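Participant: Sharing a structure with you now.
The values are calculated or read from the model by the stated rules, or taken from the named source; none is laboratory data. This is a predicted model, so every value here is computed, not measured. For neighbour counting, all protein chains shown are included, and Cβ atoms are generated from backbone atoms with ideal geometry for every residue, glycine included. Just the protein is used for accessible areas: all its heavy atoms, side chains included, with ligands, DNA and RNA removed. Shrake-Rupley method; radii C 1.70, N 1.55, O 1.52, S 1.80 Å.
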Amino acid sequence: MILLGVNIDHCATVRQARYRGAEPASGRAIEPDPVTLALLAEQAGADGITVHLREDRRHIQEHDVRRLRETIATRLNLEMACTPAMIRYALALRPEAVCVVPENRAEITTEGGLDVVGNRERVRDCIAAMNDAGIKTSLFIDPDQPQIELAAELGAPWVELHTGAYANAYYGSDRAREFQRLRLGCARAHECGLTVNAGHGINYVNIAEVRTLPHLHELNIGHSIISRALFTGIGEAVREMKARMNP
Ligand code: PXP
């Protein structure tokens, strides 16, 4: 069984488009509420809820994360930049897992994998702090051997392999090459003793191929599920994705 982490950031994106700066306790009908969405996703079979608390707070807010921490019944996976402020935040929050991602203010969404090789000391210190606190760390990396091997060497229990390049190449001539890169990445990560997650750009079409990657533990999927939920509701969107992940 491949597990599904539902990324609810885009529910907050819609809310922020109208209610940026609104006080959550103001009594106004501030919608849509990402925490309600998370609870409905869990009821439909989501195995975890993922949020990215970005430095610019463009979608998920700290009050969302606090409420998720108090209410969800599955696992909270906090995506975060490898900064002292976010490390302090995670240690105070104590989510079940953190996923360390690169963060660039100008990007529309997380664009490349974390450069573990180029940020070795910072990443090592972050993993050590999380390991000490009993929080599982995942590193969001491109499926490249040096990044994978260093993730294991630095003591990360998990990696999340970035499927974005594959998803972008899906209708082009590089699809087979990008898929092979992911296959080899999954195999190498498993050999190195890492738990293998994957995410970014996974949808109801490419899941048919993504799910055949070896050693997959969990997929984190956001945009496609939230998009489908506009038409079907979140419950049906989650059930359909899980059915396609584990037919
Ligand atoms: N995993 C990580 C680490 C991400 O940064 C994102 C995007 O926020 C996702 C998974 C989900 O990507 P998508 O929204 O394309 O499904």
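Participant: I need the calculated FRET efficiency for the pair residue 70 and residue 120, taking r as the beta carbon distance and R₀ as 25 Å, to the nearest 0.05. Don't skip to the end; give the middle numbers.
Facilitator: On the way: r = 36 Å, r/R0 = 1.42.
It comes out at approximately 0.10.
Participant: While we're looking at this one, here's another question. Could you work out what % of the accessible surface of the stretch 107-206 is carbon and sulfur, using a 1.4 angstrom probe and leaving DNA, RNA and ligands out of the count?
Facilitator: Carbon and sulfur together cover 47 percent of it.
Participant: Then there's this: Magnitude of the Cβ-charge dipole of the stretch 79-200, K/R +1 and D/E -1, about the Cα centre, nearest 20 debye? It would help to have the intermediate numbers written out before the result.
Facilitator: Working: 12 positive and 17 negative charges, 26 e Å.
Around 120 debye, computed over the stretch 79-200.
Participant: Still on this model: Show that you can apply the helix-only estimate: for the chain, add -39,500 (n - 2.57) for every DSSP H stretch of four or more residues, divide by all residues, and state [θ] at 222 nm to the nearest 500.
Facilitator: On the way: 11 runs with 113 residues, N = 247.
Calculated from helices alone, the mean residue ellipticity at 222 nm is -13500 deg cm²/dmol.
Participant: Then there's this: What does the C-alpha gyration tensor say about the overall shape of the chain? Classify as rounded when a/c is under 1.5, otherwise prolate if a/b is larger than b/c, or oblate.
Facilitator: Details: a/c = 1.69, a/b = 1.19, b/c = 1.42.
Judged from the Cα gyration tensor, the chain comes out oblate (a/c at least 1.5, b/c at or above a/b).
Participant: Can I ask one more? Whole number in Å², please: accessible area per residue of the stretch 68-140, 1.4 Å probe, ligands, DNA and RNA not counted. Mind showing how you got there, number by number?
Facilitator: Working: 3410 Å² over 73 residues.
Per residue, the stretch 68-140 has 47 Å² of solvent-accessible surface.
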